[in-house]
Amino acid sequence: MFGLGASEILIILVIAFLLFGPKQLPEVGRQVGKAIKGFKDTAEDLRKSVEPELNMIQQEVKMVEQDFQASMKEAEEEITAAGKQPEETPQSLGKSGQL
């Protein structure tokens, strides 16, 4: 529990017993328990409200990534196609104009 061993927990309980006494110690324990439960409930509510937003953002990022990959592929294909086309030189233009 929180990285504490049995001896550390025992020391904390003894100090709490000495500080609060046997009558107040159960009430203090209940209050601490309620506070921890409230913290857990709040954390769970926060997780439930934030998780759908995170999932939506992840989906949008994936869509943008796919669009980017498709654009990159199209650009590569255009570059490859442009590199394979023969370049027209002034000499070839002159020859094609003559019959």
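The values are calculated or read from the model by the stated rules, or taken from the named source; none is laboratory data. Keep in mind that this is a model prediction, so the values were computed, not measured. With ligands, DNA and RNA removed, areas are computed over all heavy atoms of the protein, side chains included. Shrake-Rupley method; radii C 1.70, N 1.55, O 1.52, S 1.80 Å.
Here is how the numbers come out for the structure above:
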| item | result |
| --- | --- |
| Within straight-line cross-link reach of Lys48, lysines at Cα separation under 16 Å, skipping those fewer than 8 residues along the same chain | Lys40 |
| All lysines inside 24 Å of Lys23 as judged from Cα atoms, apart from same-chain residues fewer than 8 positions distant | Lys34, Lys37 |
| Whichever aspartates and glutamates have a C-alpha closer than 18 Å to that of Lys84, once near sequence neighbours (fewer than 8 apart) are set aside | Glu74, Glu76 |
| Carbon + sulfur, % of accessible area of segment 26-74 - ligands and nucleic acids excluded, 1.4 Å | 62 percent |
